[in-house]
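The values are calculated or read from the model by the stated rules, or taken from the named source; none is laboratory data. Computed from a predicted structure; not experimentally measured. Quick reminder, even Gly has a Cβ in these numbers, built from the backbone with ideal geometry, and neighbours come from all protein chains shown.
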Number of protein chains: 4
Amino acid sequence: MKKNSALFLAFCLGTGTLAFAQAIKDAKPNAGSPGYGLFLPGDITADLARIAINAAIQKAQEQGTLMNIAIVDAGGNLKAFSRMDGAFLASIDIAIKKAKTARGLNMPTSQLHDASVPGAELYGIEVTNNGLVIFGGGELLKNKDGIIIGAIGVSGSSVANDVAAAQAGAAAVLEAWR
Amino acid sequence: MKKNSALFLAFCLGTGTLAFAQAIKDAKPNAGSPGYGLFLPGDITADLARIAINAAIQKAQEQGTLMNIAIVDAGGNLKAFSRMDGAFLASIDIAIKKAKTARGLNMPTSQLHDASVPGAELYGIEVTNNGLVIFGGGELLKNKDGIIIGAIGVSGSSVANDVAAAQAGAAAVLEAWR
Amino acid sequence: MKKNSALFLAFCLGTGTLAFAQAIKDAKPNAGSPGYGLFLPGDITADLARIAINAAIQKAQEQGTLMNIAIVDAGGNLKAFSRMDGAFLASIDIAIKKAKTARGLNMPTSQLHDASVPGAELYGIEVTNNGLVIFGGGELLKNKDGIIIGAIGVSGSSVANDVAAAQAGAAAVLEAWR
Amino acid sequence: MKKNSALFLAFCLGTGTLAFAQAIKDAKPNAGSPGYGLFLPGDITADLARIAINAAIQKAQEQGTLMNIAIVDAGGNLKAFSRMDGAFLASIDIAIKKAKTARGLNMPTSQLHDASVPGAELYGIEVTNNGLVIFGGGELLKNKDGIIIGAIGVSGSSVANDVAAAQAGAAAVLEAWR
């Protein structure tokens, strides 16, 4: 597994439009570097995101289900997404929110249900953050050292199927480090 | 290029939770079918979306740029997304909005700039639709018959680079039909 | 029932404002064609949307109720809307969201209630997608082949009345194909 | 032209769920009355909204254009909407916002352009109200006494065409009072 090293090219040389535009135009990633932008060493790579999505899709195909799969990075920002042909449209948002929820609270979304029902401690938490998902299908993605590098959200079938597909994605990421 | 035919398996057999959950669990797409959900025959497939993204990434690599690439279907709904390592975080939303804008107005987003400057006809159009993007980088995706099947949005570098990468994605989709 | 065939007239002849404006001004749909824009063959037509709304209104008049009725197309985008005189203002949004929910999950919204109560599988799903509606009144619209071409959402009375009016709209669409 | 008289049936007899639900179930509009809800005498009726939409569509057909047409009432709330087959998806929101803008500022949206360019008095106003539209296509709807009863927004072609179609809708409403 290629591990990206951190690199930050200070490309914003000025504060005006011209300097900014020029900096972007001049941007030339070094050979072997992740590019002109900031890339956090503990973040999920595009390669790993693809591995996670493919593993989730493979699980869905075994299940005979149609899934939306979203990957967010360690910052909770969308990294990759794929919707299988015929998968629910409403699950686009649910998959993305599952991934953001998992990373936002550093736990699988399946752990949120009991805590958020009426009478429980976090009752109503789902309306924060522009919508959290409080049922299963969001799982953390970790590197070989157990450090969280992102999260995966899967939506498109029963919660059990969603969870299984998301876990398949997370397992594939772990596997990739070996 | 495999062209998916429309298929809808009526899986909603009842009205209660159990029936709903059971229906989803029982969903078994027929062999060779796109699944249990609705898939519009004139819509972009996941395979084509991947082809478009890969072509845009390849172009970005030739440019030495780092891009966010978003694909929406013919209904303007997110189909696939990929962010290259180190690409701008703000470009996640820009790439998605570029794709939605292109499909929403059935034209490349580059055509909106001159029309939306102060004094021009569509000045201010960008604040509608929860944000349209009025500079280049959103391109239509068409099938072999010239029918729009979706759109691609690319963001992460200069507009010229964004446009070139988006057009590479669109060209790859056209090529795939041959 | 007139069935529209897909047609796309490439009207974007240039890249500047003038070309854009000119292209739109020059747009002349062919006789018998749906126009210069993209029209998906599997999408609901304006004629069918009107038929659905009129049938829902007729049902509401039989009920002595006042309804908001929304129609979305197969992509989940608003196609038509009508609010009867005196109908609830809050039901504008509810009707639209009911239609979008039904299409987003390819099922009547009435099937979501039991699944989304505390303790059930999809508890909290209503906060996704900028708000889903998890009670009845959203129904799918299908063509003669059973393919989903859109959805109808009705809001303004008891759920039972809303459902009955929405189903009347859906039935009228089916009837129109005969 | 039937003029609706104001009627307000106090249907909310209590503050609890049961009373509310019961009130809705018991709602029986009087014969000839606009219903159980509040209907403002100075508001546009569904009949008039339909007349306005049909007139705008007829104008669009003469133009050879494809339009989205939205009608809001005197309170700025969506009353009716229709999207012609093949009309721009992004124009759904633009048409609705044009109507809301016209009623929100009690003037045609075409009057906002000059006031909102850089240097002008209302520069930036378009980002308020969740998005105003500051180009033509939104027109006021008035009754025979010149009182504003709503507004129409049309989007889908050049601004000149949009304006002409919106004005056709407004003229038809005036005509209907004769």
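For the condition among the small types (G, A, S) and within 14 Å of chain B (Cβ to nearest Cβ), C:A95 does not qualify. For beta carbons closer than 6 Å, sequence separation of 6+ or different chains, a first residue in the range B:60-73 that is in the same structural domain as B:S91 (by TED's automatic domain parsing) and a second that is assigned to a loop (DSSP other than H, G, I, E, B) and β-branched (V, I, T), the qualifying pairs are B:D73/B:I44. Of the residues making up the range B:79-89, those that are out of contact with any Gly (no Cβ under 6 Å at 6 or more places or on another chain) and under 20 Å from B:G64 (Cβ atoms) are B:S82, B:R83, B:M84, B:D85, B:L89. For residues that are hydrophobic (A, V, I, L, M, F, W, C) and under 16 Å from the mean Cα position of the chain (by Cα), scanning just the range D:142-163, find the one that is surrounded by the fewest Cβ atoms within 10 Å (Cβ to Cβ). Residue satisfying both the conditions and the ranking: D:I147. For C:R103, indicate whether it is on the phi < 0 side of the Ramachandran plot, away from chain A (no Cβ under 14 Å) and either surrounded by fewer than 20 Cβ atoms within 10 Å (Cβ to Cβ) or not polar (S, T, N, Q) (or both). The answer is no for C:R103.
Listed by first and then second residue, the pairs with beta-carbon distance under 8 Å, at least 6 apart or on different chains, first residue in the range A:117-141 and at the interface with chain C (Cβ under 7 Å from one of its Cβ atoms) and buried (at least 23 other Cβ atoms within 10 Å of the Cβ), second assigned to a loop (DSSP other than H, G, I, E, B) and among the charged types (D, E, K, R), are A:F135/C:E121. In the range C:139-159, which residues are among the polar types (S, T, N, Q) and out of contact with any strand residue (DSSP E or B) (no Cβ under 8 Å at 6 or more places or on another chain)? Those that are among the polar types (S, T, N, Q) and out of contact with any strand residue (DSSP E or B) (no Cβ under 8 Å at 6 or more places or on another chain): C:S157, C:S158. In the range D:46-63, the condition of being surrounded by fewer than 24 Cβ atoms within 10 Å (Cβ to Cβ), more than 14 Å from chain B (Cβ to nearest Cβ) and not in a helix (DSSP H, G or I) is met by no residue. For the range B:129-156, a residue qualifies if it is touching a helix residue (DSSP H, G or I) at 6+ places or on another chain (Cβ under 6 Å) and among the polar types (S, T, N, Q), and the qualifying residues are B:N129, B:S155. Of the residues screened, C:G150 is one that is on the phi > 0 side of the Ramachandran plot, assigned by TED's automatic domain parsing to the domain that holds C:G75 and not aliphatic (A, V, I, L, M).
In the range C:65-84, the residue that is farthest from B:L78 (Cα to Cα) out of those that are within 14 Å of chain B (Cβ to nearest Cβ) and crowded, with 24+ Cβ neighbours inside 10 Å is C:K79. Residues in the range D:106-116 that are in contact (Cβ under 8 Å) with a residue 40 or more places away in the chain and surrounded by fewer than 20 Cβ atoms within 10 Å (Cβ to Cβ): D:N106 alone.
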